[in-house]
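Below is one structure, written out as C-alpha cells, with a few remarks after it.
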Amino acid sequence: MRPHATPEEIDHICERIREFGYKVHSIQGEERVVIGVVGVGDVTACLESLEATPGVESAVRISAPYKFVSREFKKERSAIQVNGLEIGGGEFVVIAGPCSVESETQIMQTAETVAAAGARMLRGGAFKPRTSPYDFQGLELEGLKLLRKAKQATGLGILTEIMSDRDVDMVAEYADCLQVGARNMQNFALLKSLGACGRPVLLKRGMSSTIRELLMSAEYIVAHGNPNVILCERGIRTFETATRNTCDISAVPVLNELTHLPVILDPSHATGKRTLVPALSRAGVAVGADGLVVEVHPCPEKAVSDGAQSLTPNGFREMMRDLAPYINLWRESRLVSTPVN
Ligand code: PEP
Ligand code: MN
C-alpha cells in the first residue's frame, strides 16, 4: 500500500482480494502496510485489478515458494523483539548457556557468568533431543522452572527447545523464545502449532536440510500466524569428520539475500569442539549474522551433554572480549547497510 493509505482503502483491498477467491494472510508494516495474498485463482486479473485500486502502490507476484519470509515480500530486515531485546536490529546479540539445564547451581552460575560477560539471553535445554534413548532426556518442567529462576536473577531472556506440539503451551509459559532443534526442523505438526504460540521461534537448520527447506519450514510458522521467526545455521552433515558438523558459513549471506528474517550462527554444534568456537564466532560476525548462540558450562567435563563443545566461563569471557572489536565493525556496517533487493 502507499505510505498513507487509509484504513478504508486497506479494508476495501482486502475485500477485493477475497472476491477473487484468495486469502488475505498477513498484514504488517512499519512505514507502510504490506498485504499478503495467497491461494489459487486468476493471478493476472487479480494483480491488474489491485493495481488500479486506490491506495495501492504496487501489486507484485512473489516467485519464491516461501512467500512471507522472502525478500521479495519484504525488502527491509525484520527485527524481532524478544524480552525487550531486538534480534535483527542494530545490536549483535549473543545467546549463551549450557546445552542442558542440569541443576539449580549449574544454571544459576552459568546465567550469572554469561550475563556478566555480555550475553543478552540465556540458552538451556529442558527437553533434549538425544540420539540414544538411554541418554539424559532433560529435566522437563523442573528445568523450565530453573530457567525462570535464572531469568529472575539476571534479567536474561530465555531460549529453550520445544520438541513436541503437546508441550507448546507449557514451554511458551516459561520461554521468551522457543527453539526448534535441527532434528525437528521438518516436524510440520510442531511448526504449525508454533503459529499460535505467542512467542518468537528460533528455527535451527536441519543437519541434512537445504536452505530452501529451512525457509519453507520458516514459512510454515509464519503462514500459521507467527511472523517472529529467527533462523539459525548450526552446521550440516558432510563427509568431513574433523568437526562434528560442517559449518555452512555461506548460509548466512545466502539467507540474508533470500529472506528478511534475522539469522544467527551456532558455532558450538557446527564444530563440536570448544577450541574452534571463537574462530567460527568471528566468522559469524564477519559474514553478517545477527547474533550467536553458544554453549557454555561451568565445568564442561561434568556436562551431561555436549561438554566437548562447551566453553568454560573463562573461555567465554575471553571470546567476548576478543569479539568486541569485530562487533564494533559489525555495528558500523549495519548502520550504513542498505537492504538487499
Ligand atoms: C542444542 O541446541 O543443544 C541442540 C540440540 O541443537 P541442534 O538441534 O542444532 O542439534
Ligand atoms: Mn547441545
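Every number here is computed from the coordinates shown, using simple stated rules; none is lab data. Just so we're clear, the structure is a prediction, and the values are computed from it rather than from any experiment. Positions of Cβ are generated from backbone atoms using ideal geometry, with glycine treated the same way; all protein chains shown enter the neighbour counts.
Compute the helix-to-body angle for 7-19: its Cα long axis versus the longest principal axis of the chain, expressed 0 to 90° and rounded to tens. Approximately 80 degrees, to the nearest 10. Each 5 Å bin from 0 upward holds the following percent of the Cα-Cα pairs of segment 165-273: 3, 13, 24, 24, 17, 12, 6, 2, 0. In terms of Cα atoms, the Rg and Dmax of segment 150-192 work out to 11.5, 35 Å. For segment 14-123, the spread of Cα positions along the three principal axes, ordered from largest to smallest, is 63, 26, 22 Å. When peptides 217-224, 118-125 are sorted by average Cβ neighbour count within 10 Å, with the highest value leading, the order is 118-125, 217-224.
Rounded to the nearest 20 debye, the dipole size of segment 53-107 about its Cα centre is 480 debye, using +1 on the Cβ of Lys and Arg and -1 on the Cβ of Asp and Glu. For segment 89-237, the relative contact order works out to 17 percent when only alpha carbon pairs closer than 8 Å and six or more residues apart are counted.
If you take the Cα centroid of segment 198-222 and the Cα centroid of segment 114-160, the two points sit 21 Å apart. The coefficient of translational diffusion for the chain, derived via Stokes-Einstein from the alpha carbon Kirkwood radius under 4 °C and 1.567 mPa s, stands at 62 µm²/s.
If one puts a single equal scatterer on every Cα of segment 66-207 and applies the Debye formula without solvent, what log₁₀ I(q)/I(0) results at q = 0.13, 0.19 Å⁻¹? Evaluating at q = 0.13, 0.19 Å⁻¹ gives log10 I(q)/I(0) of -0.58, -1.17. Where does helix 277-286 land angle-wise versus the long Cα axis of the chain, in degrees 0 to 90, nearest 10? Helix 277-286 and the main axis of the chain meet at about 30 degrees. Taking the average, over residues, of other Cβ atoms within 10 Å as the packing measure, peptides 250-262, 71-83 rank 250-262, 71-83 from highest down. Between T105 and K23, full extension at 0.36 nm per residue minus the direct alpha carbon distance yields a gain of 24.5 nm. The residue list C197, G88, T105 was ranked by how far each Cα lies along the charge dipole of the chain toward its positive end, using unit charges on Cβ atoms, and T105 comes out on top. Less than 5 angstrom separates the built amide H of L292 from those of V93, V94, I95, L265, all sequence-distant by 5 or more or on a different chain. Between A242 and A286, the C-beta separation translates, for a Förster distance of 30 Å, into a calculated FRET efficiency of about 0.90.
Compared with the alpha-carbon gap, the fully stretched path from S58 to V38 is longer by 5.6 nm at 0.36 nm per residue. Would you mind checking K145/K204; K74/K204; K23/K67 for any pair whose Cα atoms are more than 18 angstrom apart? Violating the 18 Å limit, Cα to Cα: K145/K204; K74/K204.
Shown in residue order for segment 311-321 are the 3J(HN,Hα) couplings computed by the Karplus curve 6.51 cos²θ - 1.76 cosθ + 1.60 at θ = phi - 60°: 6, 6, x, 5, x, 5, 4, 4, 4, 5, 5 Hz (x for Gly and Pro). Going by a ≥ b ≥ c, the root eigenvalues of the Cα gyration tensor, does segment 198-243 fall in the rounded group (a/c under 1.5), the prolate group (a/b larger than b/c) or the oblate group? It comes out prolate by the Cα gyration axes. Label-to-label distance for E8 and T312 is 7.1 nm, based on points extended 7 Å past Cα in the beta-carbon direction. Here is how the number arises for the chain: DSSP H runs of 4 or more residues each give -39500 (n - 2.57), the sum is divided by the residue count, and the result at 222 nm is -11000 deg cm²/dmol. Of the trypsin sites (Lys or Arg not before Pro) found in segment 130-229, those in coil by DSSP whose Cβ has at most 15 other Cβ atoms within 10 Å are R130. If the convex hull of the alpha-carbon atoms of segment 95-144 is projected onto planes in all directions, what is the mean projected area in square nanometres? The directionally averaged projection comes out at 3.5 nm².
Over the chain, Cα pairs under 8 Å with separation of 6+ residues give a relative contact order of 16 percent. Scoring 303-316, 1-14 by mean Cβ neighbours within 10 Å over their residues and listing the highest first yields 303-316, 1-14. Above 21 Å, the calculated P(r) of segment 1-65 contains 14 percent of its Cα-Cα pairs. For segment 246-339, dividing the convex hull volume of the Cα atoms by the residue count gives 89 Å³ per residue.
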